[in-house]
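J.: Starting off with a structure, shown below.
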Amino acid sequence: MSAITERSLATLELPAVRALLAERTSLAPARELAETIAPVGDVRDAERLQEETAAARALLRALPSAGTAGARDYRDALRRARLGGTLDPDQLLAIADTVRAAEKLFADVHPYPPLASLAHFARPPRPLAEAVEHAIAGGGEVLDRASPRLGGLRAALRAAQTRLQQRLDGLLRSPELARALQEAIVTQRGGRYVVPVKAEMRGTVKGIVHDQSASGATVFIEPLEILEANNALREAELAELNEVRRILDELSRRVERDAAELEAVLGALARIDLVLAKAHLADALDCERPVLDATGELDLIAARHPLLVARGGAAVPIDVRLGSDFRVLVVTGPNTGGKTVTLRTMGLFVLMAACGLHVPAARGSRIPVLRRVFADIGDEQSIAQSLSTFSSHLRNVVATLAEAEAGDLALLDELGAGTDPDEGAALAMAVLETLLARGVLVAATTHYPELKAFALNTPGVSNASVEFDPETLRPTFRVHVGLPGASNAFAIASRLGLAAEVLHRAESHLSELHRSLERTLREAERRRTELAAALDEARVAAEDARRATADAEREAAKLRDDADRALRRARAEADELLLQSRRALRQAEQARDRAAKRNLIDEAREALAGAERAREAHGETAPARAATVPIAVGAPVLVEGVSEPGRLIAIDDRGMADVAAGALRLRVPVASLREAPAPEPAPASARPTVAGSAAAVPLQLDLRGARAEEALAVLDRYLNDAAVAGIDRLRIVHGKGTGALRAAVREMLAGHPLVRAQEPASQSEGGDGATIVRL
């Protein structure tokens with residue numbers, strides 16, 4: 001868009017936007033860039049600029065303090081250094097401060113690639129900044145550490161000052177000199193220390209006269225006694241001054257060597273400062289990033305003129321589109337209704353978007369990137385140039401027709417106005433047809449009814465109107481695309497106080513066609529307003545319904561959550577009650593079983609003792625004999641002296657056997673075992689059962705042959721009965737087979753609340769075909 005003229009930019013008020021942007025910059029070079037910012041004509045360049053502004057807004061949201069604070073414009077110092085001049089301490093400090101500010105800002109923008117790319121080729125010369133900071137204090141004083149020699153020279157200078165002061169103090173105390181002094185003070189003239197002597201006594205003080213007072217009553221004499229001390233002090237001062245100059249010149253030459261880097265750093269700071277100013281302006285105007293379009297489509301949603309927003313006025317948002325299904329838009333409506341502002345807003349938004357500026361419109365607004373924008377807006381009549389209103393407009397139209405082509409935008413205000421209405425309308429239609437044929441985007445305002453009809457009947461051309469409130473007889477400044485607007489000249493004249501009889505007389509001069517068209521347009525506007533109001537009510541009702549539905553869904557979800565929590569609490573309480581009941585029952589059974597065990601043990605001990613006594617009485621020794629039953633783990637056996645049959649659990653190498661007899665577990669010699677009588681056959685059942693009550697639960701459960709789900713149900717009851725009976729060790733026989741029953745049993749035991757531990761049985765107890773359970 002480099003070919004756009006400054007006149008068009010000024011017509012569309014881009015300079016005013018530049019001024020708003022410049023106010024938000026910090027550096028003078030950035031301010032200069034803002035004042036000359038120009039739109040680009042390539043959509044890729046425009047997208048890059050938009051990305052930079054979006055990244056800057058993101059940076060400021062994350063780090064509001066980001067910016068060029070501390071940086072200064074050192075271009076004059078850089079030019080002086082390049083010419084071989086010596087920079088003063090303030091100039092050197094400005095360079096060092098700017099280098100430090102650049103380092104901080106470049107680090108801040110590093111996570112944001114669009115901003116980091118602006119400083120890609122800038123390398124702040126940190127060694128230079130460190131050298132300046134080492135040599136110069138913040139107040140501009142060259143420090144003693146600036147060079148080894150400077151510290152020594154300043155020490156000698158202080159010593160010379162001390163010696164001179166001592167000599168002066170001695171002179172002032174001298175009685176001979178005291179009589180000749182105007183005042184007992186020491187002052188300076190020409191860099192030399194002198195004393196004020198009365199003019200009439202100047203002959204009594206030997207020395208060099210440097211000055212006298214305006215009245216001539218006092219002469220300032222350097223006494224010969226301090227001449228050498230004054231010379232020594234002056235020499236020390238000159239030596240110190242020369243060393244300071246040498247240091248500053250050395251630093252200036254380093255600046256000269258780093259001039260290219262310093263220039264790049266200042267340029268990068270200016271570019272980033274400009275982008276940050278764009279971000280600040282976007283936030284101030286409540287802007288959104290537009291969607292850039294390469295096909296020439298413009299669609300503004302709730303667009304507000306930026307200058308109206310900046311002034312704090314009430315800017316009415318407008319919706320306007322162009323370039324989608326039509327390329328020419330004819331805007332009609334009353335005077336002061338906002339037609340011209342609509343054209344300016346469209347043109348200014350196109351320029352701002354191409355400058356990388358976000359626009360004060362709703363998100364989703366689409367703006368084309370165009371080569372050129374031609375604007376004929378406002379009255380440029382000139383007495384000096386003999387230009388009437390019609391002539392000034394026509395000159396701009398001629399220039400537009402001479403250059404405009406596809407990819408351009410033409411904004412024509414009051415097209416064909418200022419001359420005979422019929423001829424003006426004919427010219428306007430011819431201009432619009434020519435531009436339409438070339439593919440130029442056109443937005444034009446008019447009051448001619450012929451142009452309204454032209455827009456209705458010509459493909460690629462559409463009407464638009466600015467809204468007028470018939471109740472208040474005032475414009476609302478809203479824009480409606482697709483419907484022509486009435487001029488409402490009589491309504492506006494009435495509101496401004498024109499007599500009613502004049503208005504009636506004026507209406508009588510209108511043609512019937514014109515009156516009919518105006519009535520039709522007013523009726524169409526009334527119906528459009530009613531439909532718009534109904535649509536707004538429908539939208540409000542839909543939003544209310546959506547909110548009510550959302551509230552109901554949230555309430556239902558809350559009720560479901562409450563019910564789930566209540567159910568979980570009830571289950572937990574039931575489980576706790578069941579556990580407490582089982583624990584209490586087990587404790588009662590354990591107490592009863594302990595008493596029963598004690599009785600059985602006493603009976604067994606008494607039976608064994610009786611048998612031994614009987615053998616001894618008959619003088620017989622019990623012959624060692626083998627058990628009459630097969631020594632097989634799990635077989636039913638009877639133990640001598642114990643009435644209740646038991647089941648063999650294990651046999652060790654020493655001939656001792658472990659037998660479970662009811663609630664007892666006995667360890668007896670194998671020789672004391674005999675085969676138990678076979679139990680009466682029970683009715684056949686496909687499901688294994690657990691015999692006995694909780695008080696007499698067997699120590700082994702045989703599940704072989706049962707299906708997994710039946711076996712697990714029997715196992716659960718068995719574990720409960722065993723727990724109630726107070727048994728702590730059980731043997732579950734499931735067999736080896738395919739391993740499915742074994743896996744199901746062990747999985748259930750692993751998660752059962754009554755099981756403390758489980759392990760495969762030893763080889764003597766059945767190996768992997770059985771599982772030992774600890775309750």
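The values are calculated or read from the model by the stated rules, or taken from the named source; none is laboratory data. Remember, it's a predicted structure, so these values are computed and weren't measured experimentally. Neighbour counts are summed over all protein chains in view; Cβ atoms, including those assigned to glycine, are modelled from backbone coordinates with ideal geometry. When the accessible area is computed, the model is the full protein with side chains, heavy atoms only, and any ligands, DNA or RNA have been set aside. Shrake-Rupley method; radii C 1.70, N 1.55, O 1.52, S 1.80 Å.
J.: Suppose R0 equals 41 Å. What FRET efficiency, 1/(1 + (r/R0)^6) with r the Cβ-Cβ distance, do Arg173 and Asp88 give to the nearest 0.05?
T.: Numbers: r = 42 Å, r/R0 = 1.02.
Efficiency computed from Cβ-Cβ geometry: 0.45.
J.: Between Thr549 and Ala260, with labels modelled 7 Å along Cα→Cβ, what's the label distance in nm to one decimal, could you check?
T.: My value for the distance between the label points is 6.7 nm.
J.: What is the distance in Å between the Cα centres of segment 189-265 and segment 59-119?
T.: Cα centres, segment 189-265 to segment 59-119: 38 Å.
J.: Under 18 Å from the 7 Å Cα→Cβ point of Gln165, by amide nitrogen: which residues of segment 230-244?
T.: So the set is 230-237.
J.: Per-residue accessible area for Glu537 at 1.4 Å probe radius, Å² rounded to 10?
T.: Glu537 has an accessible surface of roughly 130 Å² with all protein chains in place.
J.: I would also like to ask the following. How do 9-22, 160-173, 79-92 rank on mean C-beta neighbours within 10 Å, highest first? All intermediate terms of the calculation are to be shown ahead of the outcome.
T.: On the way: 9-22: 18.8, 160-173: 14.9, 79-92: 17.0.
Ranking the peptides 9-22, 160-173, 79-92 by packing returns 9-22, 79-92, 160-173.
J.: Normalising by the residue count of segment 106-212, find the relative contact order in percent from Cα pairs under 8 Å and 6+ residues apart. Intermediate values should be presented prior to the final figure.
T.: Details: 62 pairs, mean separation 11.9, N = 107.
Relative contact order for segment 106-212 comes out at 11 percent.
J.: So how much accessible area does His480 have, in Å² to the nearest 10, using a 1.4 Å probe?
T.: Rounded to the nearest 10, that gives 40 Å².
J.: Can you give me the distance in nm between label points at Met656 and Glu183, each placed 7 Å from the Cα along the Cα-to-Cβ direction?
T.: Between Met656 and Glu183, the simple spin-label model gives 12.4 nm.
J.: Can you work out the base-10 log of I(q)/I(0) for segment 48-87 at q = 0.19, 0.31, 0.34 1/Å, using the Debye formula on its C-alpha atoms alone?
T.: Result of the Debye calculation: -0.66, -0.97, -1.01.
J.: If N is the number of residues in segment 531-576, what value comes out of its Cα radius of gyration divided by 2.2 N^0.38 Å? If you can, show how the numbers build up before the last one.
T.: Details: Rg = 19.8 Å, N = 46, 2.2 N^0.38 = 9.4 Å.
Computed over Cα atoms of segment 531-576, the ratio equals 2.11.
J.: In addition: Show Lys452, Lys198 ordered by accessible area, largest first, where the area counts protein heavy atoms only and the probe is 1.4 Å.
T.: Working: Lys452 5, Lys198 55 Å².
Result of the area sort, largest leading: Lys198, Lys452.
J.: Would you work out the relative contact order for segment 40-156, in percent, from Cα pairs under 8 angstrom that are 6 or more residues apart?
T.: On the way: 92 pairs, mean separation 27.5, N = 117.
Here the relative contact order equals 23 percent.
J.: Further, regarding this structure: Quantify how much of the Cα-Cα distance distribution of segment 111-199 extends past 15 Å, in percent. Intermediate results must be reported in sequence, preceding the final value.
T.: Numbers: 2974 of 3916 pairs.
Pairs farther apart than 15 Å: 76 percent.
J.: Given contacts defined as C-alpha pairs under 8 Å and at least six residues apart, what's the relative contact order of segment 93-169, whole-number percent? Provide the component values of the computation, followed by the final result.
T.: On the way: 43 pairs, mean separation 20.3, N = 77.
Across segment 93-169, relative contact order equals 26 percent.
J.: Follow-up question, since we're still on this one. What does the charge count around Val291 come to, taking other residues whose C-beta lies under 12 Å from its C-beta (Lys +1, Arg +1, Asp -1, Glu -1)? It would help to have the intermediate numbers written out before the result.
T.: Numbers: positive: Arg289, Arg363, Arg366; negative: Glu47, Glu288, Asp293, Glu297, Asp299.
Charge balance near Val291 sits at -2.
J.: How charged is the neighbourhood of Thr445? Take every other residue with its Cβ under 10 Å from the Cβ of Thr445, and add Lys/Arg as +1 and Asp/Glu as -1.
T.: Details: positive: Lys339; negative: Asp413, Glu414.
Residues near Thr445 contribute -1 overall.
J.: Sort Arg756, Arg154 from largest to smallest accessible area, using a 1.4 Å probe on the heavy atoms of the protein chains.
T.: Working: Arg756 165, Arg154 30 Å².
The residues order as Arg756, Arg154, largest area first.
J.: I would also like to ask the following. From the square roots a ≥ b ≥ c of the eigenvalues of the alpha-carbon gyration tensor of segment 169-298, which class results: rounded (a/c under 1.5), prolate (a/b over b/c), or oblate? Before the final figure, lay out each step's value.
T.: Numbers: a/c = 6.31, a/b = 3.18, b/c = 1.98.
Verdict is prolate for segment 169-298.
J.: From the residues Pro196, Val132, Val244, which one has its Cα farthest along the dipole of segment 124-261 in the positive direction, the dipole being from +1 and -1 charges on Cβ of Lys/Arg and Asp/Glu about the Cα centre?
T.: Projecting each Cα onto the dipole axis, the largest value belongs to Pro196.
J.: If you don't mind, another one. Work out how much length Arg438 to Arg505 would gain on full extension: take 0.36 nm times their residue separation and subtract the Cα-Cα distance, in nm to one decimal. Write out the running numbers ahead of the final one.
T.: Working: separation 67, 0.36 × 67 = 24.12 nm, distance 4.45 nm.
Full extension of this stretch gives 19.7 nm more.
J.: Can you pull the percent of Cα pairs in segment 298-359 with separation above 14 Å? Each step should come with its number before you reach the end.
T.: Working: 1141 of 1891 pairs.
Of all Cα-Cα distances in segment 298-359, 60 percent exceed 14 Å.
J.: Still on this structure: Could you go through segment 729-740 in sequence order and give the Karplus-derived ³J(HN,Hα) for each residue, using 6.51 cos²θ - 1.76 cosθ + 1.60 with θ = phi - 60°, rounded to whole Hz, and x for Gly and Pro?
T.: 9, 10, 10, 9, 9, 10, x, 9, x, 7, x, 5
J.: For Ala260, what is the net charge nearby, where nearby means another residue's Cβ is under 11 Å from its Cβ and Lys, Arg count +1, Asp, Glu -1?
T.: On the way: positive: Arg82, Arg123, Arg257; negative: Glu256, Asp258, Glu261, Glu263.
So the environment of Ala260 carries a net charge of -1.
J.: Keeping all protein chains in position, work out how much accessible area Leu308 exposes to a 1.4 Å probe, and write it in Å² to the nearest 10.
T.: Solvent-accessible area, nearest 10 Å²: 70 Å².
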